[in-house]
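Some notes on the structure that comes next.
The values are calculated or read from the model by the stated rules, or taken from the named source; none is laboratory data. Remember, predicted model here, so these are calculated numbers, not experimental data. Neighbour counts run over all protein chains shown; Cβ positions are idealised from the backbone, glycine included.
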Amino acid sequence: MSFSGLRVVSFESRRAFEMESLIVRHDGTPMVAPSMREIPFEVNQEAVEFGKQIIGGKADIVILMTGVGTKFLVQVVETALNKKDFIEALSRVTLVARGPKPVSALKELGLKAEIVAGEPNTWHEVLSAMSQKLDLKDKKIFVQEYGIPSRGLIEGLKKAGARVSRVPVYRWALPLDLNPLRKAVQTVCDGKADILLFTNATQIHHVLQVAAEDGLEASFREALEKTVVASIGPVMTENLKEIGLPVDLEAEKSVMGLFVKEAAEKAPDLVKQKRKAAEHKFEKAEAKVYPVKPFDPEKLKDSPFLKACRNEKVSHPPVWILRQAGRYMKEYRDVRSRVSFLELCKNSDLACEVAVTAQEKLGVDAAILFSDILLILEPMGVGLEYVKGDGPVIHRPIRTKEDIDSILEEDPKESLAFVMEAVKKTRSALKPNIPLIGFAGAPFTLASYAIEGGGSENYLKTKQLMYHEPEAWHLLMTKFTDATVKYLNAQADAGVQALQIFDSWVGALSPMDYQEYVFPHMKKLFSSLNKGVPSIHFGTGTGGLLELMKEAGGSVIGLDWRVEISEARNRLGKIPVQGNLDPLVLLSNPKTVKDKALKILDQNGSRAGHIFNLGHGVVPQTPVENVIALVNAVHEYTIK
Ligand code: CP3
């Protein structure tokens, strides 16, 4: 196993030649760019000062982080002080070693570490071993440092009540000739490096410093999404992770020769895996491509759905399913596993894909735009988020007159331009005889989310504002109505054939209160919609409001299952209706689904203007076969 010709970049300095020949020996194409230069420490004042403090008996604990550093420290102290006095004084303090290397450096000096941190010998282990075995409060501690200050360790010790001084014993500078390093950074950014070998924590800091100076830090970091990063050991790994870089391989043995050997064995597979993952990430947002279908207004006009909207006779009742593109469908879940719900709504290609997939898979007579009623709230500045498991959350709910005044009033045609894009794409991807339904939330239902801060059971805060501050309430409803009218008309202009207005929760109001607090706004909304585009006025729990809803407007009235369709039609007169199967019937089996559907169809009888649907949205637990069985049952039904 070998690098098989891969381009291997190393930033090793002191042992640059050795590194280069190791890479060549394992069949790699080396690019070794020294990244650091050691600065002599004979004149290191901190180390000399440290020696004086130790000899003067001022220290309680000394932490030795590296073997090389420990030896070097003694050499520096020796230049100014008596070595024997220093060693003797050290033997009287508590010595802590980060790992086996400082332990053996101490041994050579005739000293013994009282505490040795466990593997993997990062500062975390040092701190936890010390906290377990020592009382750190008010102790004077010196920390011998290697290259980079151990900030985490120092903070941890200070938190435990210790007084801490740093003793840096070797310092690294950038090499005098930066050209090889610059070239290596550029090679990585160009995507021409396959694997990077890091053998020392300072390397990455210097590499990033040079990249930043050349304006390449972001592209360097981005390039590492496709380049394998190998670390010589846990300390190196920790440093890489701390600055937000990936680590694809950590050496089993922190020895340079073995590290390069292990990297050579594993690199070819790792490089392949990483490239593939990067590609997948890129493809994540890729949607199906649909051929553009011709726009055929005649075919659309004659579709059963639009005929029913106009109360015209049809041979078979049209059917579609409320929330037909949703989590109950595997194809939807697959798309959702790649993007968040908001990303899906804002990606017009993906939104198009899920809407078209649902229509085609179910064979329904209409498609509904993929979006959500709450998106209109986002550009108003209320902080909309969809939280997994909790549904929608509004982070800055609207509760006062001031909140209402501060609602941002942008034209949804601009602020929700991605919705218009989705309309255009979905329209052109659908079969020419399948109408597309656009939609929006009605002002009351939007207000309930905006005021409660999310979903609600009793609409307590909503009703509090409505009853207690009616003026503020009407101002809010006016703002929502105006925005919604613009939004719906923009969707009509973009190409939808019908509009559904979701007043899902308005059934929470008494008829009298509906009349006073909602009706005028709904009346204005419907009368402001583009003429020629039919509208569906939907709500749930609206048995007591149907006549008022009809009077407010809409070409079709939505019915939920709490009202018999025959009764509703008798009350409403000629106006078309949509509904009204209980969505939970779909949790049963195809036969029950069919029986229940036929009862509704029979009840409607020969009356024109019935669009079959559920009374509310299909739930995620629904087996898709039952939904298909429902659509087939409705299609097989012949209207007498
Ligand atoms: O095919 C379709 O109908 C998809 C388009 C659509 C969605 N929401 C997608 C969606 C439509 C028409 C809606 C309308 C909607 N959204 C309503 C009115 C209809 C109704 O059910 O009363 C309401 C009240 C909302 C608000 C909303 N959006 C809630 C309460 C939730 C979370 C709970 C839930 O029903 O899933 C959403 C999220 C949402 N909207 C999802 C989908 C597919 C699920 C998000 C996910 O994939 O995690």
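Observations on the model:
- Selection status of Gly389, farther than 29 Å from Ile611 by Cα, among the small types (Gly, Ala, Ser) and free of Cβ contacts under 8 Å to residues at least 40 places away in the same chain: yes
- Scanning the range 377-393 for residues that are surrounded by 20 or more Cβ atoms within 10 Å (Cβ to Cβ) and either within 11 Å of the ligand (Cβ to nearest atom) or among the polar types (S, T, N, Q) (or both) returns Leu377, Leu384.
- Within the range 256-276, restricting attention to residues that are without any contact (Cβ under 8 Å) to a residue 12 or more places away in the chain and not polar (S, T, N, Q), the residue that is farthest from Thr202 (Cα to Cα) is Lys276.
- Helices (runs of 4 or more DSSP H) completely within the range 205-297 that count 1 or more residues being under 20 Å from Leu6 (Cα atoms): 217-223, 256-283
- A single entry from Ala447, Ala440 fulfils the requirement of being part of a helix (DSSP H, G or I) and among the aliphatic types (A, V, I, L, M): Ala447.
- Taking the criterion of being of a type outside the set (Lys, Arg) and either at pLDDT below 95 or away from the ligand (no atom under 16 Å from the Cβ) (or both), the residues of the range 304-317 that qualify are Pro304, Leu306, Ala308, Cys309, Asn311, Glu312, Val314, Ser315, His316, Pro317.
- Residue selection: Ile434 satisfies the criterion of being away from the ligand (no atom under 11 Å from the Cβ), in contact (Cβ under 8 Å) with a residue 12 or more places away in the chain and part of a loop (DSSP other than H, G, I, E, B).
- Residue match in the range 343-358 (condition: more than 25 Å from Thr484 (Cα to Cα) and near the ligand (Cβ under 9 Å from one of its atoms)): yes
- Pick from the range 610-626, criterion in a loop (DSSP other than H, G, I, E, B) and not hydroxyl-bearing (Ser, Thr, Tyr), ranking: farthest from the ligand (Cβ to nearest atom): Pro623
- If you go through the range 482-527 and keep only what is outside any helix (DSSP H, G or I), away from the ligand (no atom under 16 Å from the Cβ) and out of contact with any helix residue (DSSP H, G or I) (no Cβ under 7 Å at 6 or more places or on another chain), you end up with just Ser510.
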